[in-house]
Amino acid sequence: MITAAQLRAARILLGIDQRRLAELSGLSVPTIQRMEASEAMVRGNVDSLVKLITALDTAGIELIDEGAVSSAEGRGVRLKVNSGSAKIYLNNQIENKASSGMKARR
């Protein structure tokens with residue numbers, strides 16, 4: 001599970017907006033907005049939650065659960081050790097979307 005606070009923190013850590021996260025996860029912007037507005041745990045159907053968590057994981061985010069090994073207690077997020085690849089991944093996603101959009105218009 002992921003909390004709304006973890007979702008917002010992960011997005012900010014990656015330096016992306018809700019629109020970009022929606023593109024990466026294959027979800028709509030309103031869905032991302034609803035997830036971030038959740039009280040505590042993110043609400044959504046299982047398929048949407050899996051897409052969201054997979055996109056964050058692929059982008060280099062590690063979700064820290066309550067009670068997980070960490071220097072502090074509680075939930076959180078952090079960039080994976082090889083997080084330099086996160087920026088490369090995000091840039092490639094942008095370029096791929098742009099080039100496929102141009103092909104579709106032709």
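The values are calculated or read from the model by the stated rules, or taken from the named source; none is laboratory data. For clarity, every value in this text was computed on a predicted model and none was experimentally measured. When the accessible area is computed, the model is the full protein with side chains, heavy atoms only, and any ligands, DNA or RNA have been set aside. Shrake-Rupley method; radii C 1.70, N 1.55, O 1.52, S 1.80 Å.
Per-residue accessible area (protein heavy atoms, 1.4 Å probe) orders VAL42, VAL50, VAL29 as VAL50, VAL29, VAL42, starting from the largest. Reported value for region 1-52: 63 Å³ per residue, from the convex hull of its C-alpha atoms.
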